[in-house]
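The structure under discussion appears below in the form of structure tokens.
The values are calculated or read from the model by the stated rules, or taken from the named source; none is laboratory data. The structure presented is a predicted model; accordingly, all values stated were derived computationally and were not measured. Cβ atoms come from the backbone with ideal geometry, glycine included; neighbour counts cover every protein chain shown. Note: areas computed on protein heavy atoms with side chains; ligands, DNA, RNA excluded. Shrake-Rupley method; radii C 1.70, N 1.55, O 1.52, S 1.80 Å.
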Amino acid sequence: MTPEETARQAALRYVDFAPRTAAQVRRRLLRDGHDDTVIDGVLGFLARAGLVDDERFSRDWVESRGTRKGLGRARLGAELRGKGVPRDTAEEALASLSPADELAAAAEAARKRLGSDSLGDPAVRRRLAGFLQRRGYDWETIAQVMALLREEPA
């Protein structure tokens, strides 16, 4: 087999397992010792075949991790950048996350984390705020969640 065919087969196996970004495929092929020109050709083939699409990957990632996992914009953006998605593509995908949906996801995550603890305890509030911050929510969203939870009957 030619180097191009070998790289193409390796890339197809890699993207068959899970959706990948172009940067992830490039890193994997470089790690396997393939040449840059070969990798460029393989990435072009994968893009034309619709198997590598950073925009679609970003939208799906934000939908999945933002809604189902309850992560905020900052965390989602960091994860996308870590996967090699260009900043403008990541920002475009993050724009699809509405503030209302983000607030609802943050409130749900906070309710689960809070359990039977009371927000009257400052230590509980501090731990809950830290939890939400690590999940990628900004301070404005965290303050809104705290206000929502204080209004809810115990």
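Some notes on this structure:
- Among (1) 16.1, 61; (2) 20.4, 68; (3) 15.5, 52, the entry that matches Rg and Dmax of the Cα atoms in Å as calculated here: (2)
- Split the accessible area of the chain by element, probe 1.4 Å, and carbon with sulfur accounts for 50%.
- Per residue, the chain exposes an accessible area of 60 Å² to a 1.4 Å probe, with every protein chain left in place.
- Rough spin-label spacing in nm, given labels placed 7 Å along Cα→Cβ, for Arg56 and Lys69: 2.1
- The chain: DSSP helices with Cα axial extent of at least 15 Å and average Kyte-Doolittle hydropathy no lower than 0.5: 36-48
- Signed unit charges on C-beta, dipole axis of the chain, positive-most listed residue Ala47, Ser64, Val85: Ser64
- Solvent-accessible area of Asp117, all protein chains in place: 80 Å² (probe radius 1.4 Å, heavy atoms, ligands and nucleic acids excluded).
- Stretch gain in nm, segment Asp138-Phe17, where the contour uses 0.36 nm per residue and the Cα spacing is subtracted: 40.2 nm
- Selection of trypsin sites (Lys or Arg not before Pro), region 1-75, meeting DSSP coil and at most 14 other Cβ within 10 Å: Lys69
- Summarising the label geometry, the points placed 7 Å from Cα in the beta-carbon direction at Arg113 and Asp35 lie 5.1 nm from one another.
- Check: the chain dipole with +1 on Lys, Arg Cβ and -1 on Asp, Glu Cβ, in debye: 660
- Only protein heavy atoms count here; on that basis, with a 1.4 Å probe, Lys112 has an accessible area of about 150 Å².
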